[in-house]
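Novice: I'd like to ask some things about the structure below.
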Amino acid sequence: MIRINNLSKSFSGHQVLKDISVVFEPGITNLIIGQSGSGKTVLLKSIVGLHDVDEGEIWYGDVLFNKLNFIDKKEIRKEIGMLFQGSALFDSLTVEQNVRFPLDMFTDHGLEEKTERVNFCLNRVNIKNSNLLYPAELSGGMRKRVAIARAISLNPKYLFCDEPNSGLDPLTAIVIDALIKELTEEYNMTTIINTHDMNSVMEIGEKILFISDGLKCWEGNKNEILNSDCEKLNDFVFANSFAKKLRDSIQA
Amino acid sequence: MREFIFLGLNSIGIIAIISFFMGAVITLQTAYNTENPIYPKYLIGLGCRDSIILEFSSTVSALILAGKVGSNIASEIGTMRVTEQIDALEIMGVNSASYLILPKLVATLIFNPFLTLMSIIIGIFGGWTAGTFLGVITSEDFIYGIQYAFIPFYITYSLIKMVFFAFIITSVSAFQGYYVDGGSLEVGRASTKAVVFSSVLILLFNVILTQLLLS
């Protein structure tokens, strides 16, 4: 479980996150949604410690993460897997080396054992016969799946995904969403996903946090989102004309 | 090992070619500027040797390496920054600066002095080739000249300079790449800044080190 209390963050005097409090539960897919520039990525990067926060608390279970020093944070970070918007695979390493990287860094397993784990993770995300390929040789969907394999290679307790569907076609996006949901349930991970893709929201939104201009505006799940009385959320959810017509027909 | 190949071995070609032709040009220019019977011919070999050892093989080679290796380091690390690969390392709890920069620093500090030695040998060979094949000096005079009044410390001086220059090239370029903020345009700018700042610092430290080591 990850608990955020009164989190605030600003850059050069401009406040990007304002007093956000939320709890992310394990075993379910937690989504942070909002318009581009609303502060989603800053919130996610603050939670994982890539940004130092101005005020507030970030609890990983019983550990107050944002007050830890670099060495103690490293212990928590071994339990974190992250999928970046652009996959962030290491260009100079092959698929196998990318997935093995966290194992090389943090385990003293032999090469055979590590290769076995790498192959298990790659099979788990349905990547086959691509161990020796470089990231530049992979499609967007494959890169995302390899990044997921790398993120789960150390059996993390926490999984963070920043726009996992950006740049993917709707069908591949659904496959990636389903994979993240499956892994979350299988390993009982605390998964937090940043997205503005409404397909993802309706597909895997077991818990949804909507932020706008750095403020928490709404919290709920995919069943409640269509009936919300939050005006900003409704503007976001029913942004396109098709969605508006659908809402009007339901209301009629 | 990868860094030794990318930053060291891959620079051998350009350093060898440039050293050969610089040695040749220095010999020819010295010869055409000393066409006076009162100057012994072996001074052409001596001039070639000292120019190559004192200035070309360390300073000019370092400027060339600043362009090749410096821009390579800045663009590689800069691209890693803008594509979030450095963030990925940080998330995993890896000290990204140490992981990315230290191997490059070690590789250039160890390998660049070898490039200097190689440059000295090839440069003098280039001078001998041009001088003897174009008939401006005999082989015996050139070889006598490169042995005449030889001061071994000049080699040490050249190697010390190259160690400093290697540190400047790698650290300045890595800094420029590591702190890139933006996209591909900024990576290009960082790469240019890396070459410019490294070159200026190399020239500045060339003066300082020469004063300290040869005065």
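The values are calculated or read from the model by the stated rules, or taken from the named source; none is laboratory data. Quantities reported herein were computed from a predicted structural model and do not represent experimental measurements. Every residue, glycine as well, gets a Cβ built from its backbone with ideal geometry; the counts of neighbours run over all protein chains shown.
Novice: Confirm whether A:Lys45 is closer than 18 Å to A:Asn194 by Cβ, more than 16 Å from the chain's Cα centre (by Cα) and buried (at least 16 other Cβ atoms within 10 Å of the Cβ).
Specialist: On the way: closer than 18 Å to A:Asn194 by Cβ: yes; more than 16 Å from the chain's Cα centre (by Cα): no; buried (at least 16 other Cβ atoms within 10 Å of the Cβ): yes.
No, not satisfied.
Novice: Consider B:Ile38 carefully, then state whether it is within 30 Å of A:Ile47 (Cα to Cα) and either out of contact with any His (no Cβ under 6 Å at 6 or more places or on another chain) or within 14 Å of chain A (Cβ to nearest Cβ) (or both). Walk me through how you get there before you give the answer.
Specialist: Values: within 30 Å of A:Ile47 (Cα to Cα): no; either out of contact with any His (no Cβ under 6 Å at 6 or more places or on another chain) or within 14 Å of chain A (Cβ to nearest Cβ) (or both): yes.
The answer is no for B:Ile38.
Novice: Residues B:Thr79, B:Thr116: which one is under 28 Å from B:Ile14 (Cβ atoms) and either more than 21 Å from the chain's Cα centre (by Cα) or within 14 Å of another protein chain (Cβ to nearest Cβ) (or both)?
Specialist: Details: B:Thr116 fails: either more than 21 Å from the chain's Cα centre (by Cα) or within 14 Å of another protein chain (Cβ to nearest Cβ) (or both).
Testing whether each residue is under 28 Å from B:Ile14 (Cβ atoms) and either more than 21 Å from the chain's Cα centre (by Cα) or within 14 Å of another protein chain (Cβ to nearest Cβ) (or both) leaves just B:Thr79.
Novice: For A:Lys40, only one of the following conditions fails: (1) surrounded by fewer than 21 Cβ atoms within 10 Å (Cβ to Cβ); (2) more than 11 Å from chain B (Cβ to nearest Cβ); (3) within 15 Å of the chain's Cα centre (by Cα). What is its number?
Specialist: (1)
Novice: Based on this model, can you work out whether A:Ile71 counts as among the β-branched types (Val, Ile, Thr), within 11 Å of another protein chain (Cβ to nearest Cβ) and either over 28 Å from A:Ile176 (Cβ atoms) or without any contact (Cβ under 8 Å) to a residue 12 or more places away in the chain (or both)?
Specialist: So A:Ile71 passes the test.
Novice: Give the range A:1-39 a look and list any residue that's on the phi > 0 side of the Ramachandran plot and not in a loop (DSSP other than H, G, I, E, B), or say none.
Specialist: A:Asn6, A:Asp19, listed by residue number.
Novice: State which residue is farthest from B:Met92 (Cα to Cα) when the search covers only the range A:99-128 and only residues that are within 14 Å of chain B (Cβ to nearest Cβ) and of a type in the set (A, V, I, L, M, F, W, C).
Specialist: If we filter the range A:99-128 for residues that are within 14 Å of chain B (Cβ to nearest Cβ), which is where we start, we get A:99-107.
Narrowing the set further to residues that are of a type in the set (A, V, I, L, M, F, W, C) leaves A:99, A:101, A:103, A:105-106.
Working: A:Val99: 12, A:Phe101: 10, A:Leu103: 10, A:Met105: 9, A:Phe106: 9 Å.
Per the stated criteria, the residue is A:Val99.
Novice: Would you check which residues across the range A:157-195 are assigned to a loop (DSSP other than H, G, I, E, B), surrounded by 18 or more Cβ atoms within 10 Å (Cβ to Cβ) and modelled with pLDDT of 90 or more and list them? Let's see the steps before the verdict.
Specialist: The first filter runs over the range A:157-195 and keeps only residues assigned to a loop (DSSP other than H, G, I, E, B), leaving A:157, A:163-169, A:188-189.
Those still in the list that are surrounded by 18 or more Cβ atoms within 10 Å (Cβ to Cβ) too: A:157, A:163-165, A:168, A:189.
Scanning the range A:157-195 gives A:Lys157, A:Met189.
Novice: Considering only the range B:35-143, give the helices (runs of 4 or more DSSP H) lying wholly within it that have at least 2 residues that are surrounded by fewer than 17 Cβ atoms within 10 Å (Cβ to Cβ) and without any contact (Cβ under 8 Å) to a residue 60 or more places away in the chain. So that I can check it myself, show each step before the final result.
Specialist: Values: elements: B:42-51, B:61-65, B:71-82, B:85-91, B:96-133.
Passing ranges, in order: B:96-133.
Novice: I'd like to check something: does the range A:131-153 contain any residue that is under 16 Å from the mean Cα position of the chain (by Cα), assigned to a loop (DSSP other than H, G, I, E, B) and over 16 Å from A:Asn119 (Cα atoms)?
Specialist: Looking for residues that are under 16 Å from the mean Cα position of the chain (by Cα), assigned to a loop (DSSP other than H, G, I, E, B) and over 16 Å from A:Asn119 (Cα atoms), one finds none in the range A:131-153, hence no.
Novice: Filter the range A:77-98 down to residues that are more than 8 Å from every other protein chain (Cβ to nearest Cβ) and of a type in the set (A, V, I, L, M, F, W, C) and give me whichever is surrounded by the fewest Cβ atoms within 10 Å (Cβ to Cβ).
Specialist: Among residues in the range A:77-98 that are more than 8 Å from every other protein chain (Cβ to nearest Cβ) and of a type in the set (A, V, I, L, M, F, W, C), the one surrounded by the fewest Cβ atoms within 10 Å (Cβ to Cβ) is A:Leu93.
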